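Down below is the structure, laid out as structure tokens.
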Ligand SMILES: Cc1cc2nc3c(=O)[nH]c(=O)nc-3n(C[C@H](O)[C@H](O)[C@H](O)COP(=O)(O)O)c2cc1C
Ligand code: SF4
Ligand code: FES
């Protein structure tokens, strides 16, 4: 039993149960989601666990982790603040919103705040084009939509989130 | 045979079996359609889009189901978008155009796309001169680039994928040939794509990196200079090198290879080997070789090689001129006369073995084939018949792999057996421990070490599912290895295996028979020349006046033989290195390496094959046969064996097993499919076309005796209280001088000689990486331990050629060595 | 007033509660089907309804179901909830607010092809929706709507949720299957088609969420009722996702064949700041740009009429551009999307989108010259018809139509 199975025995078992006996490879993506729950990224160690459980090579697992944009292979801010700047959002001022956030946080898209709490990212369309500006927060394996934003609203939300995360930490 | 389909390609009428891909049909008709991702040995994927052609099919009237005709009565042909020739099977009446303006422009476009990201560093690229991308750009590509150089994607160029393979990420064109080879062909998916889109790159996360015994093959099929071996990288430009045909002698498969050689200043103007690559032989190794075969050649340049004969003077071996050494050897042999025991190992070529046999006959001595295996006599009767090819085995056929970890013992056989299983052959894997082949097996038989006989008897009894699958198969082949067995057990197992083949009528016809997984390359040659091993070699050596040993190192292998040889009045040794046996010798005669010589050898599938001199022999060395010839001459025995071809002609006349053969016949070739190595390297990769001979499988001996229960299994090694059963096993990389001379394989050689189940280790108070002492009789050896939960309990596995000379199942006493470091615990 | 088939939650609050859904007749059609109907008859009804796939290609749904060979088992149904086309957000509304109608459709389609395990593939960003679905499926199991030997028959059905992890191409059905199987989401070679060798190499039906959500309506209210909306060849309603420079963006369920004008000026209440409309992208980032002429505005939105304008209806993600938008900027955005989403499998898409994105970037930054516009066109043309899958072909729609119809916008950027 490796550390992932030890930590989430029920989740691992229920994921494996979804697929035919000879198709355990299909469990790689759900298991990778699970590994992101705590750390917010997938370590080599975690990939090894997934490879072991699904009986695939670690390279196959790494390859999948590298392919999909919501999987991260290195740690960043606890909160990934992902602003959609795709076509429909661009047409309704997403760039300006992003720029304001960038100023407000003091970081450029792609960067993480000095306290390691927030990483600002640009993402492609998140299927919320009628409620622009919109961002998506990725915290561990949880993703939430936040629609009809203003930069002020977003920064307020961030402040309260940061406070609660810091609260948990202490 | 599949039904033939008629179509036209570029206006030419072409016929090919139904199911053939357009790309192959065109190739067979000599029509060039360029490809990058397609490779005839891999499943087509249609990724690179280089092979786009215009494909038309007869239009069918929906209402009537009849072809629609043009006014002139010819069928109306409907064309659509361009499509990939590599993924489209031919169909009746199809019309393919591979050179229309539309097609040429698509080709040009694809090349322009590929070049946008390419570093265009051909002048320093290893593939320059044999690069499909370079060649096809010259032929079909755009004249200049419209892509702005500064916008090229830049990636770290030097990216080791482990010790052996280097990746240049900028050169990679994402064709996935390498990944697909590792995945589909060899089932070692240790490299993969990372990221997606333009940033796609090849990565390996295995430990060690690119952990596959077949990794080097990816450098042959990579259509650009993205994958190179660390061995060859920047070694030479392809056109500066001369390819020299040879046969790999690292195992009994007999892979056809080429040594690429050139004269170079940095080697003091000598001609040296720059790289080893497969030479196509579809019946032997297709277009693949294993990394052991690719990288071990470095032993030929080893500074440890002997360059002068040595003669013992005042207790010490001293270099002397050849004349003196030969005379000394002859003088000794003369004193021994018929009391001379000659020992000839399977590393020798047929010509050497023949010379030894002739000399021995003349002086009435005794000569033995030195082997740590057995069963050759059976192979001569029920081995692979002419016309066999493992590639022909598939659905309806069966393969039994008995007591062999083929992946370690003979990697290319592992590959070909696995592929036969992929094609539907019923694979039966019988072993005392799981091996990599089990995953592909239809039937797994698990016995305990020491109970090989009953496992075989059960197959003979014919009751089990596995036994039924074997007996009911159309064709059946048995691979018999030496996992956990010594020579005597293998000999006995070979008898039962042969009985099984005879009983189920799986012998004497193509694609049937017994293959013994030998430890040396030419053990069958020795046997076909009438030499046999002696089960009581130790006694014979002990009783001999003198001993003459060529192509073998019994002292290192076996403490009992060591004792026996110590007792001999004199010892003469022919070797490339100062082996353990040579160290005891009175006369040591330095010999040439196989790549320095001409000659022939016989593969485990009974194929007699030629080797050619690739590089000039190291000064001071001589071929084995010529040394024997010279010694004989000094004994007034006129063997008159002056040149390999002349020797072969003589032996073909006198030795039944070789009758009718000649170098000329061995050098014959025929067209092979897929075609590789001609100008169109893009098709099959850089592997070499075989122009130097496919070899010949001679007829089996007709005196096929009813196999009797002649050879009996010995009693199982009696294990007393406090003792363990220790059995020998093979690992592909080990410490013999040939493998160990290759610097870049150093990290692949396991550091542990002893393997155990973790529970046993715990019981013994030992731990992984710790040292154990094994004692049996008066012998005591130390080795490091690796634990493996897949191993059976209650037994100790000892890797061959790793410093513990355990050759057969033996009862041993085991103690953890005292000086274990703390960190081991 | 047109009928509402799909966005019924707008009329019935709380429809995403199982209680409310069943109180409003939910799952009666399902039980009826399993207990009394023959699978083949259901397929026939769906065929007769003329329902066409809402995922983009508009393929007749009943015909798709009928393709599954009856000598290879098991069969699978996969619901495509990957919704990633920029400008598309209709499936999300269904999944959040009318989930049970979609599930009922999925269950009926599973019964129709006798699948015993069906999968829903959610785009990774729908993690919350996915989690709720796991609960809903448990609820359905508890209530006995799915599970073993349903309603005393021999038929069993299990539903499974799969969460993607961020890759537009996984909306393409074969890439989606690869992704479920735990591989890189790259499209497969066809043939074999999923109907013969799909998920785990078994016969598989793949349908869009919206497509499946129609099914309970068709079965409960009948073919004629369904066909009372839309056109003869494009029957039924469709959710149009209206976004971009309109006053009221949002989802509008309207009969197929409704004109652009009615959608944009009627439901969308016209252009922001009452500016002049410039162009329409009817199928998200994958669209050709349609100059918003009077004639275009009067074109009915259905599977036959939109192609006459040189575009496709696709998933009906109607993005509106007005006079304030420079088309070069727009094209830069779509091209970057496709570069980001190209899976990298085939040369023209992998390299072409990368190359195009560099050119459009230079154009919008004012660092390009006139020949770059022709170069962009030439690169796009070189990709045309040569890519492995439709993603590559989609990526050139906006650049090619943009340069053709709005060249001046590009020239304005390069001359600066
Ligand atoms: C690049 C690409 C992306 C696609 N994305 C989606 C998608 O997000 N959702 C969807 O339902 N279909 C998508 N499709 C279409 C699917 O391949 C498939 O045709 C559809 O799911 C079939 O369902 P339908 O017949 O119900 O429309 C996409 C196709 C392509 C080529
Ligand atoms: S490294 Fe070579 S073989 Fe592998 S994908 Fe790249 S170009 Fe193809
Ligand atoms: S697509 Fe046919 S050779 Fe690559």
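Values in this text are rule-based calculations from the coordinates and carry no lab data. Values in this document were obtained by computation on a predicted structure and should not be read as measured data. All Cβ positions, glycine included, derive from the backbone under ideal geometry; neighbour counts span all protein chains shown.
Annotations for the structure displayed:
- Computed over chain B: relative contact order in percent, which uses C-alpha pairs under 8 Å that are six or more apart: 13 percent
- Inter-centroid distance (Cα atoms) of the range B:105-173 relative to the range B:597-659, Å: 48 Å
- Ordered by the number of other Cβ atoms lying within 10 Å of each residue's own Cβ, fewest first, C:396, B:749 fall into the sequence B:749, C:396.
- Note on the range B:534-679: antiparallel DSSP beta bridges, both residues inside, total approximately 30 percent of the bridges counted.
- Shape category assigned to the range C:8-227 from the gyration tensor of Cα positions, a/c cut at 1.5: rounded
- Simple label model, 7 Å out from Cα along Cβ direction - residue C:149 to residue B:66, nm: 5.8 nm
- Rounded to 5, the percent of DSSP beta bridges in chain C classed as antiparallel: 45 percent
- Calculated mean residue ellipticity at 222 nm for chain C: -12500 deg cm²/dmol, from DSSP H runs with n ≥ 4 weighted as -39500 (n - 2.57), summed, divided by the residue count and rounded to 500.
- The relative contact order of chain A, computed from alpha carbon pairs under 8 Å that lie at least 6 residues apart in sequence, is 20 percent.
- In this calculation the C-beta distance from residue B:567 to residue A:3 is compared with R0 = 51 Å, giving a FRET efficiency of 0.30.
- Rough spin-label spacing in nm, given labels placed 7 Å along Cα→Cβ, for residue C:96 and residue C:20: 1.4 nm
- Spherically averaged projected area of the convex hull of Cα atoms, chain B: 40.2 nm².
- Percent breakdown of C-alpha pair distances by 10 Å bin, ordered from the shortest bin, for the range C:1-117: 12, 39, 38, 10, 1
- Distance between modelled label sites at residue C:59 and residue A:44, nm, 7 Å Cα→Cβ extension: 4.3 nm
- Estimated from the Cβ-Cβ distance and a Förster radius of 41 angstrom, the FRET efficiency linking residue C:323 and residue B:100 is about 0.40.
- Ellipticity at 222 nm from helices only: DSSP H runs of n ≥ 4 in chain B, each -39500 (n - 2.57), divided by the residue count, give -6500 deg cm²/dmol.
- For chain C: relative contact order, % (alpha-carbon pairs under 8 angstrom, 6 or more apart): 16 percent
- Each of B:354, C:155 was scored by other Cβ atoms within 10 Å of its Cβ. Listed from fewest to most, they are C:155, B:354.
- Annotation: extensible slack from residue B:659 through residue B:751 equals 28.5 nm (criterion: 0.36 nm per residue apart, minus Cα-Cα distance).
- Beta bridges by DSSP in the protein assembly as shown, antiparallel share as percent, to the nearest 5: 55 percent
- Net lengthening on full extension, residue B:139/residue B:395 (0.36 nm per residue, minus Cα-Cα): 87.9 nm
- Per-residue [θ]222 nm for chain A (sum of -39500 (n - 2.57) over DSSP H runs n ≥ 4, rounded to 500): -14500 deg cm²/dmol
- Length added when fully stretched, residue B:543-residue B:714, from 0.36 nm per residue minus Cα-Cα: 59.2 nm
- Look at the stretch A:10-20: the mean tally of other chain Cβ atoms within 10 Å of its residues' Cβ atoms is 2.
- Relative to the longest principal axis of the Cα atoms of chain A, the long axis of helix A:28-39 makes an angle of roughly 60 degrees.
- Whole-percent P(r), the protein assembly as shown, all Cα pairs, 20 Å bins from 0: 9, 32, 32, 19, 7, 1.
- Between residue B:184 and residue B:583, the C-beta separation translates, for a Förster distance of 51 Å, into a calculated FRET efficiency of about 0.60.
- Neighbour-count order for B:628, B:116, fewest beta carbons within 10 angstrom listed first: B:116, B:628
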